[in-house]
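Structure, as structure tokens:
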Amino acid sequence: MEMAENIPCNSVVGGNFKEVCPEKVIRFKPPLYKQRYQFVRDLVDRHEPKKVADLGCGDAKLLKLLKIYPCIQLLVGVDINEEKLHSNGHRLSPYLGEFVKPRDLDLTVTLYHGSVVERDSRLLGFDLITCIELIEHLDSDDLARFPDVVFGYLSPAMVVISTPNAEFNPLFPTVTLRDADHKFEWSRMEFQTWALHVANCYNYRVEFTGVGTPPAGSEHVGYCTQIGVFTKNGGKLSKPSVSQQCDQHVYKPVYTTSYPSLQQEKVLKFVLVGELLIQVDRLRLRYQRMLRDREKDRGPKPGDTDSCPAPHLLLGAVFTEAEKARIESSPKPFCEGEKFYIPLQRLLTYPKLHRLCADEDRVRSLIADSVCLSSDGSAVVVDLHNSWDYRPEDN
């Protein structure tokens with residue numbers, strides 16, 4: 001994490017219309033908001049939560065960063081600004097590449113319009129709730145309600161709260177609040193006193209850190225953004241009470257989208273058939289090369305197996321020793337006339353196909369209407385030669 005820099009300033013600050021040349025502007029590299037988001041991303045990397053909610057999600061930039069994590073299956077954003085949610089929801093839609101190369105697990109992303117101090121049962125049972133630069137926007141009444149809703153009612157396994165550190169403010173050109181909408185900005189002692197009280201009341205423990213390292217010589221003020229990471233004691237989600245289990249849907253859904261994944265049968269079939277046909281064609285072309293080598297008396301003799309030396313290699317593919325052993329011990333492709341047969345057992349030893357689906361019966365049912373199978377369903381059958389194949393003798 002890089003330190004802040006002091007940069008001479010010749011501009012006018014805020015509404016004071018006062019020259020601030022003697023002052024210096026603090027510039028962070030990377031920008032402070034990116035450091036906050038990276039902090040959350042690092043937490044997700046370490047803890048691999050399945051259900052994540054961002055309260056006060058604003059323009060949904062953090063959600064856009066989090067949707068790429070394979071562990072997350074439900075991603076929710078809540079904000080009081082409905083217009084902002086409408087204008088940014090499209091950023092969370094799947095890209096074309098996410099259909100071509102789908103996720104392993106389902107992912108649903110939903111944006112809700114509502115207040116973070118309202119109870120909505122759809123946010124129960126989450127692994128992680130983030131509140132990035134949120135609490136300083138709450139008035140005193142809402143701030144008083146906030147802990148009981150987030151920690152008492154929603155009670156996630158982990159909560160991350162970031163807020164400005166007021167002790168850092170004198171390093172800025174002005175000493176006013178950092179944003180016109182901020183109702184307060186706390187010192188480190190004020191934030192830690194509040195956070196420890198909340199943690200004690202709701203059976204959490206809290207650790208303090210931050211982002212935005214101060215310039216050299218100002219280390220005593222602490223981080224520009226202070227962060228509290230709350231973890232539920234016991235490390236597990238608590239079972240919702242009877243009152244919690246009653247549906248309370250006060251938030252208004254503004255946007256929702258679902259991502260293609262290999263858990264969806266249509267998606268799995270599409271990917272499986274595509275990868276299988278690629279593997280089949282590689283084996284077919286290799287078999288042709290073996291036949292050409294036989295004709296030139298340079299390769300395996302008649303009666304040898306289907307492959308040239310190093311039968312596990314496929315046009316540059318690289319396998320581990322265990323994968324090689326599994327491939328070599330499986331039934332080998334063979335030819336009957338102009339038809340080329342590749343046993344399903346053989347195909348499923350190749351890592352990409354094995355990862356997609358290792359169950360032969362299920363593979364057979366998924367591909368049956370897309371490829372030609374042998375009469376007993378044990379092998380894929382294709383023509384050994386195609387009109388578009390490259391043939392040296394044609395040159």
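Taking Cβ atoms as reference points and 15 Å as the exclusive limit, the residues near N165 contribute a net charge of -4, counting Lys and Arg as +1 and Asp and Glu as -1. Residue ranges 130-138, 179-187 sort as 130-138, 179-187 when ordered by packing (mean number of other C-beta atoms within 10 Å per residue, highest first). As a calculated quantity, the FRET efficiency between A322 and A180 at R0 = 56 Å, using C-beta atoms, amounts to about 0.35.
Both the radius of gyration and Dmax for the range 31-140 are 13.9, 49 Å, in that order, over alpha-carbon atoms.
Counting only protein heavy atoms and a 1.4 Å probe, the range 14-170 has 44 square angstrom of accessible area per residue. Share of the range 55-108's accessible area from carbon and sulfur, percent, 1.4 Å? Ligands and nucleic acids excluded, carbon and sulfur reach 61 percent.
Overall, the range 20-123 carries a charge dipole of about 420 debye about its Cα centre when +1 sits on the Cβ of Lys and Arg and -1 on the Cβ of Asp and Glu, all other atoms neutral.
Ranked by solvent-accessible area (1.4 Å probe, protein heavy atoms only, all chains present), the residues D376, D148 order from largest to smallest as D376, D148.
Taking Cα centre as origin and charging only the Cβ of basic (Lys, Arg, +1) and acidic (Asp, Glu, -1) residues, the dipole magnitude of the range 84-202 rounds to 320 debye. What does the net charge come to around D181 if you take all other residues with beta carbon closer than 12 Å to its beta carbon, with K and R at +1 and D and E at -1? That works out to -3. Dipole of the range 92-162 computed with +1 at Lys/Arg Cβ and -1 at Asp/Glu Cβ about the Cα centre; of I132, S121, V160, farthest Cα towards the positive end is S121.
Heavy-atom accessible area with a 1.4 Å probe sorts L196, L285, L344, largest first, into L196, L285, L344. Each label was represented as a point 7 Å from its Cα along the Cα-to-Cβ direction; for H86 and Q264 these points are 2.7 nm apart. Once the chain from H197 to R27 is taken as fully extended at 0.36 nm per residue, the excess over their C-alpha distance is 57.9 nm. Potential lengthening of the chain between T108 and C372 amounts to 91.5 nm, from the contour at 0.36 nm per residue minus the alpha-carbon distance.
The apolar share of the surface of the range 138-281, taken as the fraction of accessible area on carbon and sulfur atoms (1.4 Å probe, ligands and nucleic acids excluded), comes to 55 percent.
The values are calculated or read from the model by the stated rules, or taken from the named source; none is laboratory data. Since the structure is predicted, the reported quantities are computational estimates derived from the model, not experimental observations. Cβ sites come from the backbone with ideal geometry, for glycine too, and all protein chains shown count toward neighbours. These area figures cover heavy atoms from the full protein model, side chains too; ligands, DNA and RNA do not enter into them. Shrake-Rupley method; radii C 1.70, N 1.55, O 1.52, S 1.80 Å.
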